[in-house]
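See structure below.
The values are calculated or read from the model by the stated rules, or taken from the named source; none is laboratory data. If you're wondering where the values come from, they're calculated on a predicted model, not measured in any experiment. Note that each Cβ is placed from the backbone with ideal geometry, even for glycine, and that neighbours are counted across all protein chains shown. For the accessible areas, the whole protein counts, side chains as well, though only heavy atoms, and no ligand, DNA or RNA atoms are used. Shrake-Rupley method; radii C 1.70, N 1.55, O 1.52, S 1.80 Å.
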Amino acid sequence: MKKILLFIFICSISFAQKKTIEQRVDSVLALMNLEEKIGQLVQYSGGWDTGTQTSRPREGHIELIRKGKIGSLLNVFGAEETKKIQKVAVEESRLKIPLIFGLDVIHGFRATFPIPLAEASSWNPSLVEKSARWQAIEASSAGIHWTFNPMVDIARDPRWGRIMEGSGEDPYLGSLMAVARVKGYQGNDLSANNTIAACIKHFAGYGGAEGGRDYNTVDFSERTFREVYLRPFQAAVNAGAATLMASFNEVGGVPSSGSNFLQTKILRKEWKFDGFVVSDWNSVGELIPHGVAKDLKQAAELGIKAGVDMDMEANAYYNHLSELVNEGKVSQKIIDESVRRILRIKFRLGLFDDPYKYCEAEREKNTVMSKQIVQATLQSAREAMVLLKNKNNLLPLKKDLKKIAVIGPLANSKDDPLGGWSQQGNANDVVTVLEGIKNKLGKSTEVNYEEGCTILGEEKNGFTKAVELANASDVAIVVVGESRNMAGEASSRAKIDLPGIQEDLVQSIQKTGKPVVVILMNGRPLTIPWIQENVSAVIETWYLGIQAGNAIADVLFGDYNPSGKLPVTFPRYVGQIPIYYNHKNTGRPYNPNDHYTSYYQDLENTPLYPFGFGLSYTTFTYSNLSLNKNKIKKNESLKVSVNVKNSGSVDGAEVVQLYIRDLVGSVTRPVKELKDFSKIFLKAGETKKVEFTITPEKLKFYDINMRFVVEPGDFKVFVGTNSEDVKEASFSVVD
Ligand code: BGC
């Protein structure tokens, strides 16, 4: 009884708090005139006109803020700068409504963490949550209330440059990473001065761009849309994400920024989202070239009616909403709803209570690039690396080698390890691979460097010196990949092999017969079959941020045993794209003895590296896969257990992965779907029993009538070290 009373008491408190915010929102709304309401729906960016990003508002914006005609600024930051501007909003405007300052804190403000795709390779949501927490702590100290992150777009096409900003191809892993980041940014209390509002983006389907070309058309079935692309969004909404960003693309003929189906039906009605939606940069204006609006006025009408609350930079709402309301084309009610959602988040952030709490110059000074945050970037970088090959245990290298050759255009790059979207990341903060190796080793090891070639150039003059150096050394570490601006927005590539003549460089070094380690630095899966075939050791490091060099040296010399797993499939050649592990079986699955089956005449179907793949300096042996039941009812759960032994000689972490397959359904089901995983640490020789629970929720899918249900039938369960190397068992679901 006591417990029940306590529960009712707690509920009533939280209800009262919620009501307080709602009441406060209403009371502000009641004071606002139409111009002020529309002002809340308008967002402008700080100045870009000098060619570099500045932290100041653009000409004329201060006056607009004074008149209550701007609700938010992006790309304006700094404790003092934001304070100055906030002061105008809360001391000089009629209603004193605070501004919300947004910024793309994608993998750090100044202290740059690994790119999101790299962090997803850790398969460690709690690490990713901590990293987002640090990013929020740093950004909030510099006046930022709101990050346009996490990007939760599923991407099955590595040609798409923005694959680097997300968590890869899988909706389950993607959902966990989305939730981790939302929790990290928003913390337990959004009103604290070191938490920031998250913005899940890009809603939705943006990663499905045809041909992997950025901003391109997207068209898939509602089933695939809901099961694959929308899942991380739904998970992040359930986790309490404060805001969403509408995407640039269309899906099935309807651009997202004018899509009622997305912004209202799915997001608000089905998912009960009560935060606000911001457009992407000018995405409301782009309803014109999309061909669904004849002019900016019609674009504004479509955007606001669809449920896009805030217009980023299109000027559509600013210029046309008041006219549209006066003409009766847009109702006051729609405007009020959008304003209400934006005010609600401003209240939740505590901005009405203290609009300056993010503006303490002293805190900014002590927080940005603090020792602890730099240390956190190092741990994230270590866990993000994926060991792709290690023939004859070439790695880890001994620390007492006499001479080491460090070669390649990315080996001493200060800038590239920052990756795309590095915000205020500064190349001077970066530890290069060469520096990291030098930091690690004592004076008795000679470490020499040759660039060999540039990233994109065709000039082979540098090869001679690089080969000489390799010949004179005990080992050659060759660092190759993409420059950081080759992945990210508007950075699609039709060819995803190593750019320029870098592969030729690797081949020349390989010919010396010296042991070769290839370190990849890139923002997407690359097609590197020759390297996989010929080079003894390969490490995927993505872009690891400011501590890249130290983290890479930790792995090279065995101070950290790599534990990352690929969150995305690596194709052998571009012609295989889209290639992803959770594909359908088809009516004619590949059979080597039957010509009329699904395959390429000139290439095998299998990937270069499968989803979930990643090696360690130790080995893990799986045994005793068992289920506690072979038959369950539709509403019952099932326990799966497996013993995992560290059967090698060093301690290490393993990501134990669980997949299922529904063998017969009312609609076709993927050949495998990740449903759970567990990252465990095992001392050399140690065995652990790992347990998973398959709940009804994990078996549900959209059936032939688009109901999200469990269907009775036979299932396979697979457990293993990656999506291909698995043990399997079976169970049935009965009515
Ligand atoms: C990107 C968004 C980003 C926005 C603001 C757009 O070009 O698509 O992801 O948040 O710019 O910088």
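Of the set (1) among the small types (Gly, Ala, Ser); (2) within 14 Å of the ligand (Cβ to nearest atom); (3) in a loop (DSSP other than H, G, I, E, B), all apply to Gly207 but (3). Report yes if some residue within the range 157-165 is open to solvent by less than 10 Å² (accessible area, probe 1.4 Å) and of a type in the set (Phe, Trp, Tyr); otherwise report no. Yes: one or more hits. For the range 263-276, the criterion of being over 25 Å from Arg707 (Cα atoms), at pLDDT 95 or above, in a helix (DSSP H, G or I) and open to solvent by less than 40 Å² (accessible area, probe 1.4 Å) is satisfied by no residue at all. Can you find a residue in the range 152-170 that is of a type outside the set (Val, Ile, Thr) and more than 30 Å from Ile577 (Cβ to Cβ)? No, the conditions are met nowhere in the range 152-170.
Conditions (1) buried (at least 16 other Cβ atoms within 10 Å of the Cβ); (2) modelled with pLDDT of 95 or more; (3) in contact with a strand residue (DSSP E or B) (Cβ under 6 Å, 6 or more places away or on another chain), marked per residue:
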{"residue": "Val644", "(1), (2), (3)": "yes, yes, yes"}
{"residue": "Val650", "(1), (2), (3)": "no, yes, no"}
{"residue": "Thr668", "(1), (2), (3)": "no, yes, yes"}
{"residue": "Lys683", "(1), (2), (3)": "no, yes, no"}
{"residue": "Phe692", "(1), (2), (3)": "yes, yes, yes"}
{"residue": "Ile704", "(1), (2), (3)": "no, yes, no"}
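Return the residues of the range 210-228 that are small (Gly, Ala, Ser), outside any loop (DSSP other than H, G, I, E, B) and out of contact with any Phe, Trp or Tyr (no Cβ under 6 Å at 6 or more places or on another chain); say none if nothing qualifies. I'd like the intermediate steps shown before the answer.
In the first step, residues of the range 210-228 are kept if they are small (Gly, Ala, Ser); the result is 211-212, 221.
Those still in the list that are outside any loop (DSSP other than H, G, I, E, B) too: 211-212.
The answer is Gly211, and nothing else.
Could we say that Pro289 is more than 26 Å from the chain's Cα centre (by Cα), assigned to a loop (DSSP other than H, G, I, E, B) and modelled with pLDDT of 95 or more here? Here the answer is no, as Pro289 does not meet what is asked.
Filter the range 140-177 for residues that are assigned to a helix (DSSP H, G or I) and either farther than 25 Å from Leu351 by Cβ or within 14 Å of the ligand (Cβ to nearest atom) (or both) and give the result. Steps first, please.
Of the residues in the range 140-177, the ones assigned to a helix (DSSP H, G or I) are 140-141, 161-165, 171-177.
Residues satisfying the conditions are Gly161, Arg162, Ile163, Met164, Glu165, Pro171, Tyr172, Leu173, Gly174, Ser175, Leu176, Met177.
The conditions of being of a type in the set (Gly, Ala, Ser), over 12 Å from Pro515 (Cβ atoms) and either in contact with a His (Cβ under 8 Å, 6 or more places away or on another chain) or open to solvent by less than 40 Å² (accessible area, probe 1.4 Å) (or both) are met by Ala384.
Table: residues versus (1) surrounded by fewer than 17 Cβ atoms within 10 Å (Cβ to Cβ); (2) at pLDDT 95 or above; (3) within 31 Å of the chain's Cα centre (by Cα); (4) within 16 Å of the ligand (Cβ to nearest atom).
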{"position": "Lys3", "(1), (2), (3), (4)": "yes, no, no, no"}
{"position": "Leu6", "(1), (2), (3), (4)": "yes, no, no, no"}
{"position": "Cys11", "(1), (2), (3), (4)": "yes, no, no, no"}
{"position": "Lys19", "(1), (2), (3), (4)": "yes, no, no, no"}
{"position": "Glu36", "(1), (2), (3), (4)": "no, yes, no, no"}
{"position": "Glu59", "(1), (2), (3), (4)": "yes, no, no, no"}
{"position": "Glu63", "(1), (2), (3), (4)": "yes, yes, no, no"}
{"position": "Ser72", "(1), (2), (3), (4)": "no, yes, yes, yes"}
{"position": "Gln86", "(1), (2), (3), (4)": "no, yes, yes, no"}
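All conditions but one from (1) of a type outside the set (Phe, Trp, Tyr); (2) over 28 Å from Val568 (Cβ atoms); (3) out of contact with any Pro (no Cβ under 9 Å at 6 or more places or on another chain) apply to Lys675; the one that does not is (2). Specify the residue that is nearest to Ile21 (Cα to Cα); the eligible residues are those in the range 179-215 that are open to solvent by 10 Å² or more (accessible area, probe 1.4 Å) and touching a strand residue (DSSP E or B) at 6+ places or on another chain (Cβ under 8 Å). Among them, the one singled out is Leu190. Of the residues making up the range 122-156, just one is open to solvent by 10 Å² or more (accessible area, probe 1.4 Å) and in contact with a Leu (Cβ under 7 Å, 6 or more places away or on another chain), namely Pro125. Glu119 falls short on exactly one of the conditions (1) open to solvent by 10 Å² or more (accessible area, probe 1.4 Å); (2) in a helix (DSSP H, G or I); (3) assigned by TED's automatic domain parsing to the domain that holds Phe233; (4) not hydrophobic (A, V, I, L, M, F, W, C), and that condition is (1).
The selection criterion, being of a type outside the set (A, V, I, L, M, F, W, C), out of contact with any strand residue (DSSP E or B) (no Cβ under 8 Å at 6 or more places or on another chain) and buried (at least 21 other Cβ atoms within 10 Å of the Cβ), does not hold for Arg363.
Tallying residues that are farther than 23 Å from Leu176 by Cβ and either hydrophobic (A, V, I, L, M, F, W, C) or crowded, with 18+ Cβ neighbours inside 10 Å (or both) within the range 239-261 yields 12. Under the condition of being open to solvent by less than 20 Å² (accessible area, probe 1.4 Å) and out of contact with any helix residue (DSSP H, G or I) (no Cβ under 7 Å at 6 or more places or on another chain), the residues counted in the range 91-103 number 1.
Residues of the range 542-576 that are outside any loop (DSSP other than H, G, I, E, B) and of a type in the set (Phe, Trp, Tyr): Phe570 alone.
Of the residues making up the range 88-115, just one is in contact with a Lys or Arg (Cβ under 8 Å, 6 or more places away or on another chain) and either within 16 Å of the ligand (Cβ to nearest atom) or within 30 Å of Leu566 (Cα to Cα) (or both), namely Ile100. Residue count for the range 216-236 under the criterion of being open to solvent by 20 Å² or more (accessible area, probe 1.4 Å) and within 16 Å of the ligand (Cβ to nearest atom): the result is 1. The set of residues from the range 687-730 being more than 16 Å from Val642 (Cβ to Cβ) and acidic (Asp, Glu) comprises Glu697, Asp703, Glu711, Asp714, Glu724. Looking at the range 437-445, can you tell me whether even one residue there is assigned by TED's automatic domain parsing to the domain that holds Thr377, open to solvent by less than 60 Å² (accessible area, probe 1.4 Å), in a loop (DSSP other than H, G, I, E, B) and modelled with pLDDT under 95? Yes, the range 437-445 has at least one match.
Within the range 452-461, which residues are closer than 13 Å to Asn412 by Cβ and buried (at least 18 other Cβ atoms within 10 Å of the Cβ)?
Filtering the range 452-461 down to residues closer than 13 Å to Asn412 by Cβ leaves 452, 454-455.
Result: Gly452, Ile455.
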